[in-house]
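This report concerns only the one structure given below.
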Amino acid sequence: MSLLKSISGIRGTIGGATEENLTPLDIVRFTAAFATIITEGKNASCVVVGRDGRISGPMVQQLVMQTLVGLGVNVIDLGLSTTPTVEMAVPAEKAAGGIIITASHNPKEWNALKLLNASGEFIDAETGNKVLALAAAQQFQFAPVEKIGSIVYKDYLSFHIDAILDYPLVDVSAIASRQLKIVVDAINSTGATYVPALLKKLGVQDVIVINENINGQFAHNPEPLPEHLSDLCEEVVRQRADLGIAVDPDVDRLCFVNEDGSLFGEEYTLVAVADYILSKRKGNTVSNMSSTKSLREVTIARGGQYSPAAVGEVNVVKKMKETHAVIGGEGNGGIIVPDFHYGRDALIGIGLFLSHFAKQDKAMSVFRKNYPNYFISKNKIELPAGVNLAELMDKLALKYKKQPINREDGLRIEFDQDWVHLRASNTEPIVRIYAESDLEAKASNIAQQLLRDIRENSLSES
């Protein structure tokens, strides 16, 4: 079991011992530390709280909210919500910050606290380090009885959807005119409420939802990867639907299925949306270093400049601000539209993708041919206990020193037109190895060679 502490929050498995899992004591102290820091010097403050559909969600949310109340902080409770909805609610409520209770793509035994600043964006490294230090010190000042906080419930679903409908590049009439039939895999979480509601407002009358019971008993691994979406692919074909949509439990990642049951490719969610936006607005783009090179190609073709960022939403957002990007995100299906809000948002992604698709008047499988067919081999490995990851990366960098290398985020190595990226995961105790090539076998071979290198060097250390 695991407890992962990072500058952006705390994530772990429910139950077990403190400091080794995400227990009630851990939840209380991290909530108290975060709230103490973001409300410092403010006479009156509130924090927005929302959660996904996980089994542990109600328990964790009550601990979070009651801790905030005990600190004298007022709570705006969004209940069952999405990560992007909470991100939008924070500035709308003029709140000091927000807490999203979700472990995103992790399995059902996991949960997490994602921490937002007053802009509804993930907290920066400086604030995160302060939270970690205060949580360790546990020096909190709780409020006297006359000054304890309150809890007010608000539903922000309509607020979020209305903002999407009002976004100038979302073409509701074009989408409605296609009379689309869409299958949605809601993975037993809040996508079951939010995605169909959005589709109806976009003029999609024929919506079929699978895994729609919001009970946290995920019907499959909740990460929207090809190997987990076979039921959706089959249902799209069985229903003779125009396409399928899959989101993760907190609805910040998005991928599509073609009408023939083939996958559009999670990497190409961002590529297609960026292509659409760049066709309307000239500008720059950003994605993380583990994302397909297709975005760079599309950006250059549209007259813009592409910039890579370290993996992690906060890093992508920082780079987007620096480069004044008009669209950005991550190749895992995360779309960030800066003049909508600086956060990955599957819902605005749906609105923009469908606007682009609807104007093409093509079947999804034909529409997909607008973009290259590169292959990314995605792998992960657990390192033996005691292995020094920094030293391991140094050894691999030395071995491949004749190749172009980037050490900004782990190790990224260029091989002519191909690349491989190795880095420690922010959300799991593993190392991820991603490789891209124009041939699937070549991408796999590159990744497998680096996996062998990692194992050999790990064994030499242990």
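With every atom except the alpha carbons ignored, what do you get for Rg and Dmax of region 92-200, in angstroms?
19.3, 59
Once amide H atoms are built 1.01 Å from N in the peptide plane, which residues 5 or more positions from K181, or in another chain, come under 5 Å H to H?
Amide H to amide H, under 5 Å and 5 or more residues apart or across chains, K181 pairs with D242, L243.
Restrict the search to region 281-345; then list the trypsin sites (Lys or Arg not before Pro) that DSSP places in a loop and that have at most 12 other Cβ atoms within 10 Å of their Cβ.
Taking region 281-345 and a limit of 12 other Cβ atoms within 10 Å, the loop trypsin sites (Lys or Arg not before Pro) found are K282.
Based on the mean of other Cβ atoms within 10 Å per residue, sort peptides 184-192, 58-66 so the most packed one is first.
184-192, 58-66
Mind checking which aspartates and glutamates have their Cα closer than 15 Å to the Cα of K5? Skip sequence neighbours fewer than 8 apart in that chain.
E19, E20, D26, D124, E126, E428
Using the alpha-carbon centroid of each, what span in Å lies between region 89-132 and region 313-362?
That distance is 19 Å.
For region 203-276 and region 377-452, what is the separation of their C-alpha centers, rounded to whole Å?
For region 203-276 versus region 377-452, the Cα centre distance is 28 Å.
Below 13 angstrom from the Cβ of V172, what's the summed charge of the other residues (Lys, Arg +1; Asp, Glu -1)?
Summing Lys and Arg as +1 and Asp and Glu as -1 gives +1.
With a ≥ b ≥ c the root eigenvalues of the C-alpha gyration tensor of region 336-443, is it rounded (a/c under 1.5), prolate (a/b larger than b/c) or oblate?
Taking the square roots of the gyration eigenvalues as a ≥ b ≥ c, region 336-443 is prolate.
Please figure out what share of the DSSP beta bridges in the chain is antiparallel and state it in percent, rounded to the nearest 5.
Bridges in the chain are about 55 percent antiparallel.
State whether region 1-140 is rounded, prolate or oblate according to the following rule on the C-alpha gyration tensor (a ≥ b ≥ c being the square roots of its eigenvalues): a/c under 1.5 gives rounded; otherwise a/b larger than b/c gives prolate, and the remaining case gives oblate.
Oblate is the answer for region 1-140, as a/c is 1.5 or above yet b/c matches or exceeds a/b.
How large is the helix-only mean residue ellipticity at 222 nm for the chain, computed as the sum of -39500 (n - 2.57) over DSSP H runs with n ≥ 4, divided by its residue count, in deg cm²/dmol to the nearest 500?
Here the helix-only value at 222 nm equals -11500 deg cm²/dmol.
What's the longest uninterrupted piece of the chain once you rule out the GluC sites (Glu not before Pro) that are loop residues per DSSP with at most 15 other Cβ within 10 Å?
41-381
Pairs of lysine in region 354-455 with Cα under 20 Å and at least 8 positions apart or on different chains: total?
Lysine pair count for region 354-455: 6.
Semi-axes of the equivalent ellipsoid for region 283-368, please: Cα gyration tensor eigenvalues, times 5, square-rooted, ordered largest first, whole Å.
22, 15, 12
Compute from the Cα atoms of region 156-373 the Rg and the Dmax, the latter being the longest Cα-Cα distance, and quote both in angstrom.
15.9, 46
What are the ³J(HN,Hα) values, in whole Hz, obtained from phi via the Karplus relation 6.51 cos²θ - 1.76 cosθ + 1.60 with θ = phi - 60°, for each residue of region 433-449 in sequence order, with x given for Gly and Pro?
Coupling constants for region 433-449: 10, 10, 9, 10, 8, 7, 10, 4, 5, 5, 4, 5, 5, 4, 4, 5, 5 Hz.
What aspartates and glutamates sit close enough to K200 to cross-link, taking a C-alpha to C-alpha distance under 17 Å and skipping anything fewer than 8 places away on the same chain?
Partners within reach: D162, D166, D171, D185, E212, D242.
So who's got an amide H within less than 5 Å of the one on G334, skipping anything under 5 residues away but keeping other chains? H placed 1.01 Å off N, in plane.
Counting only residues 5 or more places away or on other chains, the set is L254.
Every read-out reported here was derived from the displayed coordinates using simple, explicitly stated rules and does not represent laboratory data. Just so we're clear, the structure is a prediction, and the values are computed from it rather than from any experiment. Cβ coordinates were reconstructed from backbone atoms using ideal geometry, including for glycine residues, and neighbour counts include every protein chain displayed.
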